[in-house]
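Visitor: Dropping a structure here in structure tokens format, bear with me for questions.
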Amino acid sequence: MKIIIIGYGTVGQALTKILYEKEKQLFNKYGLRSNIVAVVDRGGAIISKTRLKYSTLMKAKASGTVASDPNFGKPGLKALQVIEEEAADVVIELTPTNIIDGEPGMSNIKSALTNKKNVITTNKGPLVLALITLIELARHNGVHLRFSGAVGGGLPVLNFAKKSLIGDRIISIKGILNGTTNYILTRMAEAHISLETALKEAQLAGYAEADPSYDLNGVDTACKLAIMSNWILDKNVKLKDINVSGILDVTLSNIKKIEKKGQTIKLVGSIDDEKIVVKPQTLSKNNPICVDGVLNAVAFNMESAGEITLVGGGAGGVVTSSAILRDLIEIRRYTNS
Amino acid sequence: MKIVMKFGGTSLTDGEGIKRVVEITKTSLLKEIKIVIIVSAMASITDSLFEVISRAELGDLEYIKDFIGKLATIHHNAVKVTVNDKEILEKAMSEINALVKELERILFSVSYLREATPRSRDYILSFGEKLSTAIVCAAFQNQKFEAYWFTGGEAGIITDDNFGDAKPLMNITTQQVKEKINPLVEEAQIPIITGYIARTQDNVTTTLGRGGSDYSATIIARALDFDEVWLWKDTDGIMTADPKIEPMATTIPIISYSEAIEMAYFGAKVIHPKALEPVFEQQIKVRIKNIFNPNGLDTIIEKHPWTNTDKIVKSIVMIRDVAMVTVSGTEMIGMPGIAAKVFGILGDNKINILMISQSSSEANISFIVPRGDLNNIVNVVESALLGSVVKNIYSESDICVVAVVGVGMKGIPGVAAKVFKAVADEGINVRMIAQGSSELNISFVVGEENDVRTVRALHKEFQMDKFNRSVSLI
């Protein structure tokens, strides 16, 4: 399959690594041959009619942008032009989330679908703002739109809920959906350090973005809840319908005060029939969703099956790449290229 | 209050008609109602475009030249009557000239190729609405309103590529129409949008098929989440019967979406069923109003039927130009699959069947078809079935279908008895009967010579001239 990658940060690079490293295995087991034919980042694009070599990509990226490659680099070339003009089966859209208008992801995804290219994305902006529109566009053009990595990182939350829980009714969903804030809160509780110090640690460890505001103010968690509500529960939820408070007001003394009772504070997102809320909550350490570090946990409260909890790695390039790879294999199963 | 107003071709016969459109809209604007306007092509222009396409396919260049001349004159005259501001007039005239010129070029190319593809056909048809909308927009600007016009596609209506009968991709359309049109509405400007036409995701012009302008209006209302859609026509709403047949016919105050759909199916030319699809879910009210009698009676189509009515039956619709075909044979009795065979053949030949009835003995099946297709249909059925289990195929073309429609009939015993007693009392013989299990209608076939008498007898029986309008206002 010919692949275009738009946005080449941690996730994109980790994905490339996996695709090349597991190349043989993926081909033998799933018939998946991933030919990355174009990559676009802020500096421009790198394009080849056949597959790009791993070393070429890494070398170019190491000097700042993929467009710096002397043979295949196209400095300044925009994603939209690449999507429209280059032949490809799948566009993997990994640009950063923007909840105001979803751009540039929104235009990239729309253009890819309109040009009859399958889309995999982890970009929550377009999904939160226009999920039903994008699904309609994909269906109309006979292609697939997959976004496993947008919620839960490596944790297969969306597919699990949509496929494995069929027949039963989901009464409520509750979980820790943001790895960055969970790392910060965990470090505050473990090492008794301030939020600012813990944030710096997270940034050094590569768990927090340069601009971590969407993580800290709860918006990232709210986006994930919106996607879950709309996709899993067929609701029509907008961000403004969600009551959001982040972790900026959580202090070390708040945490210290309750730790003796075997409790701690976590940023919890919850969905039930009445409301959708993101807020720091006091949880008992015995609670199955009370996980530490960058782990994510999601508990589905089912009418018949009772409570089912998924726990796993939520953040990081490699973990999120595993979700993208699942999407890629599924698309491969549906198509025959 | 936010309203989509749609003005049909009968509202747009000439410059005077367009002036009337502006006056009517003004009345609502003064009440601080926010309005989006949908405009059809001027009267009979769409028909003439269909005609010129078939002439172009024959390579008739003279006809095209003549047509273009006439088309320009009609629209020039209309704009001259409506616009007196020199600048606006000049701009509108040059818009018209540019459109007409483009159309001429396309028609010429069709005539060279001797072929109009579905895609080019839709593009040609779109000129009727573009021309009329440009003029209506100029007429509003002439009255100092801040008005802007868009094609349906520019306004954000995106459809599939089923040219000639395209369907909107409603989610994308909603998003785009909101982005494009909402800011104008908020600023109290007047967006004026062509009816009937839209475009694909690749910006190729499409048309929405029959009843397309009403469809445009309801699509826009749904996308913008407006309160009501007002469809301006040339009758006082939907009537209890055709006033040409029954002079006592009166306006029905309220009907439900499902009643309107039933009536449309039976040929009441008020609204195409598909035009109700977009508003059905969001329960946006649709009003049918008379452009020539704006303060007169109108009909509201809405979700909840008028429950307070003593009227079991709301409308009597008659379909002429139909014929009845009966297929019979004693061997058909107990023969599995015979009905499937008959209708399968009709389906394969794309024949539309309006009504079906099979006797319980299974010795015969009758169905109603459009009269124009009768010879063809009999031929098709004969060559496929005659001589096997089917022994006889006979047809009658001197018939008509009468349908009695009303949600009040549901679950009320004795309605059918009342219907057929009224008809029998007139000495009229009923040839065939069908009732849908929705119980929204009873339809039956009578001899064509009894058409008017049947409608009048039923109108009288159900006292349909006396609709209690005060109840409708509750």
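Visitor: Sort all Cα-Cα distances of the protein assembly as shown into consecutive 10 angstrom bins from zero, then give the percent of pairs in each bin up to the one containing the longest distance.
Guide: Reading upward from the zero bin: 2, 11, 16, 18, 18, 16, 11, 6, 2, 0.
Visitor: Looking at this model, which pairs from A:LYS279/B:LYS34; B:LYS167/B:LYS418; A:LYS235/B:LYS410; A:LYS29/A:LYS117 are more than 30 angstrom apart at the alpha-carbon?
Guide: A:LYS279/B:LYS34; B:LYS167/B:LYS418; A:LYS235/B:LYS410
Visitor: Moving on. Between A:LYS238, A:LYS117, A:LYS24, find the one with the highest GNM mean-square fluctuation for chain A; connect C-alpha pairs within less than 10 Å.
Guide: The residue that fluctuates most here is A:LYS24.
Visitor: Additional query: Mind checking which of A:ILE289, A:ILE170, A:ILE100 has the largest fluctuation in a GNM of chain A, springs on alpha carbons under 10 Å?
Guide: Per the Cα network of chain A with a 10 Å cutoff, A:ILE100 tops the list.
Visitor: Find the centroid of the Cα atoms in the stretch B:2-24 and in the stretch A:165-225, then give the distance between the two in whole Å.
Guide: Cα centroid to Cα centroid, the span is 58 Å.
Visitor: Which one of B:ILE255, B:ILE135, A:MET188 is farthest out on the positive end of the charge dipole of the protein assembly as shown, using unit charges on Cβ (Lys, Arg +1; Asp, Glu -1) and the Cα centre as origin?
Guide: A:MET188
Visitor: When the chain is fully extended, how far beyond the present Cα-Cα distance does B:LYS178 get from B:ASP66, taking 0.36 nm per residue of separation?
Guide: 36.2 nm
Visitor: Hey, another quick one. Just to verify a number: FRET efficiency for B:SER438 and A:GLN203, C-beta to C-beta distance, R0 = 56 Å, to 0.05?
Guide: Rounded to the nearest 0.05, the efficiency is 0.30.
Visitor: Test of the criteria: in the stretch B:5-48, which GluC sites (Glu not before Pro) are in a DSSP loop and have at most 12 other Cβ atoms within 10 angstrom of their Cβ?
Guide: B:GLU32
Visitor: Which part of the stretch B:75-108 falls in the paramagnetic zone of B:ASP14, meaning amide N under 15 Å from the point 7 Å along Cα-to-beta-carbon?
Guide: Within reach of a label on B:ASP14: B:75-83.
Visitor: What is the calculated FRET efficiency for B:LYS460 to B:ARG105, with r their C-beta to C-beta distance and R₀ = 60 Å, to the nearest 0.05?
Guide: Working from the Cβ atoms, E equals 0.55.
Visitor: Please go through the stretch A:126-219 and write out the trypsin sites (Lys or Arg not before Pro) that DSSP classes as loop and that have at most 15 other C-beta atoms within 10 Å.
Guide: A:ARG169
Visitor: Provide the FRET efficiency to the nearest 0.05 for the A:ASP211-B:ASP47 pair, computing r from the beta carbons and using R0 = 45 Å.
Guide: Efficiency, rounded to the nearest 0.05: 0.15.
Visitor: Could you state the angle between the C-alpha long axis of helix B:86-113 and the longest principal axis of the C-alpha atoms of chain B, as a value from 0 to 90 degrees rounded to the nearest 10?
Guide: 50 degrees
Visitor: Counting partner chain Cβ atoms within 10 Å of every residue's Cβ in B:166-179, what's the average?
Guide: The per-residue average across the peptide is 3.
Visitor: Hey, could you get me the Stokes-Einstein D for chain B, Kirkwood radius over alpha-carbon pairs, 10 °C and 1.306 mPa s, rounded to whole µm² s⁻¹?
Guide: Answer, rounded: 65 µm²/s.
Visitor: Please turn the phi angles of the stretch A:38-45 into ³J(HN,Hα) values with the Karplus equation 6.51 cos²θ - 1.76 cosθ + 1.60 (θ = phi - 60°), one per residue in order, whole Hz, x for glycine and proline.
Guide: Each residue's phi maps through the Karplus curve to give 7, 9, 10, 10, 4, x, x, 9 Hz.
Visitor: Evaluated at 37 °C with a viscosity of 0.692 mPa s, what Stokes-Einstein diffusion coefficient in µm²/s does the stretch B:315-471 have when Rh comes from the Kirkwood expression over alpha-carbon pairs?
Guide: Answer, rounded: 194 µm²/s.
Visitor: Of A:LYS124/A:LYS266; B:LYS180/B:LYS285; A:LYS163/A:LYS240; A:LYS238/A:LYS266, which pairs sit farther than 26 Å apart, going by alpha carbon to alpha carbon? Mind showing how you got there, number by number?
Guide: Values: A:LYS124/A:LYS266 22 Å; B:LYS180/B:LYS285 23 Å; A:LYS163/A:LYS240 28 Å; A:LYS238/A:LYS266 24 Å.
Result: A:LYS163/A:LYS240 exceed 26 Å.
Visitor: In sequence order, what are the phi-derived ³J(HN,Hα) couplings for the stretch B:164-181 according to the Karplus relation 6.51 cos²θ - 1.76 cosθ + 1.60 with θ = phi - 60°, rounded to whole Hz, with x for glycine and proline?
Guide: x, 7, 6, 10, x, 8, 5, 5, 5, 4, 4, 4, 6, 5, 4, 4, 7, 9
Visitor: Please give the helix A:219-232 orientation as an angle from the longest Cα principal axis of chain A, in degrees from 0 to 90, rounded to the nearest 10.
Guide: In chain A, helix A:219-232 runs at an angle near 80 degrees to the longest axis.
Visitor: What residue among B:GLY408, B:THR117, A:LEU127 has its Cα farthest toward the positive end of the dipole of the protein assembly as shown, where the charges are +1 on Lys, Arg and -1 on Asp, Glu, each on the Cβ?
Guide: Comparing the listed Cα positions along the dipole, A:LEU127 ranks first.
Visitor: Over chain A, what number does the Rg to Rh ratio reach, with both radii from the alpha-carbon atoms and Rh per Kirkwood?
Guide: 0.98
Visitor: Give me a comma-separated list of calculated 3J(HN,Hα) values for the stretch B:28-44, in order, Karplus coefficients 6.51, -1.76, 1.60 applied at θ = phi - 60°, integers in Hz, x for any Gly or Pro.
Guide: Rounded to whole hertz, the list is 6, 4, 5, 8, 6, 7, 8, 10, 10, 10, 10, 10, 7, 6, 4, 3, 6.
Visitor: Tell me the label-point distance for the pair B:SER388, A:ASN236, using the 7 Å Cα-to-Cβ offset, in nm and rounded to one decimal.
Guide: Each label point lies 7 Å from its Cα, and together they span 4.9 nm.
Visitor: Then there is this: Over all residues in A:140-149, what is the mean tally of Cβ atoms on other chains that come within 10 Å of each residue's Cβ?
Guide: Taking all residues of A:140-149 together, the mean is 1.
Visitor: Per DSSP helix of 4 or more residues, -39500 (n - 2.57); summed, then divided by the residues of chain A. What does that give at 222 nm, rounded to the nearest 500?
Guide: It comes out at -11500 deg cm²/dmol, rounded to the nearest 500.
Visitor: Right, next: Can you tell me the 0 to 90 degree angle between the C-alpha axis of helix A:10-21 and the longest principal axis of chain A, rounded to 10?
Guide: Compared with the principal axis, the helix lies near 60 degrees.
Visitor: Between B:LYS244 and A:ASN71, what is the spin-label point distance in nm, taking each point 7 Å from the Cα along the Cα→C-beta axis?
Guide: Spacing of the two 7 Å Cα→Cβ label points: 7.8 nm.
Visitor: Right, next: Where the centre of each part is set by its Cα atoms, how far does the stretch B:149-207 sit from the stretch B:353-383, in angstrom?
Guide: If we compute the Cα centre of each part, the gap is 41 Å.
Visitor: If amide hydrogens are placed 1.01 Å from N in the peptide plane, which non-local residues have theirs closer than 5 Å to the one on B:THR159?
Guide: Correct list: B:LEU169, B:ARG199, B:THR200, B:GLN201.
Visitor: Determine, at each q value in 0.09 (inverse angstroms), the log₁₀ of I(q)/I(0) that the Debye formula gives when each Cα of the stretch B:2-234 is one equal point scatterer.
Guide: -0.34
Visitor: OK, next. Could you tell me the convex hull volume per residue, in Å³, taken over the Cα atoms of the stretch A:165-312?
Guide: 110 Å³
Visitor: State the Cα centre-to-centre distance between the stretch B:230-291 and the stretch A:1-50 in whole Å.
Guide: Answer, in whole Å: 58.
Visitor: Give me the distance in nm between label points sitting 7 Å out from Cα along the Cα-to-Cβ direction at B:ASN375 and A:SER304, one decimal.
Guide: Between B:ASN375 and A:SER304, the simple spin-label model gives 6.3 nm.
Visitor: Let me ask something additional. Fewest to most neighbouring Cβ within 10 Å: what's the order for A:LYS29, B:LYS418?
Guide: Details: A:LYS29 10, B:LYS418 17.
Fewest-to-most ranking of A:LYS29, B:LYS418: A:LYS29, B:LYS418.
Visitor: Let me ask something additional. Give a quick list of GluC sites (Glu not before Pro) in the stretch A:251-329 that DSSP marks as loop, anything other than H, G, I, E or B, with at most 16 other Cβ atoms within 10 Å.
Guide: Working: sites: A:GLU259, A:GLU274, A:GLU303, A:GLU307; in loops: A:GLU274, A:GLU303.
Sparse-neighbourhood loop GluC sites (Glu not before Pro): A:GLU274, A:GLU303.
Readers should treat all values here as calculations from the given coordinates under stated rules, not as data from a laboratory. Keep in mind that what you see is a predicted model, and the values were worked out from it rather than measured. In this analysis, Cβ positions are derived from the backbone assuming ideal geometry, glycine residues included, and neighbour counts consider all displayed protein chains.
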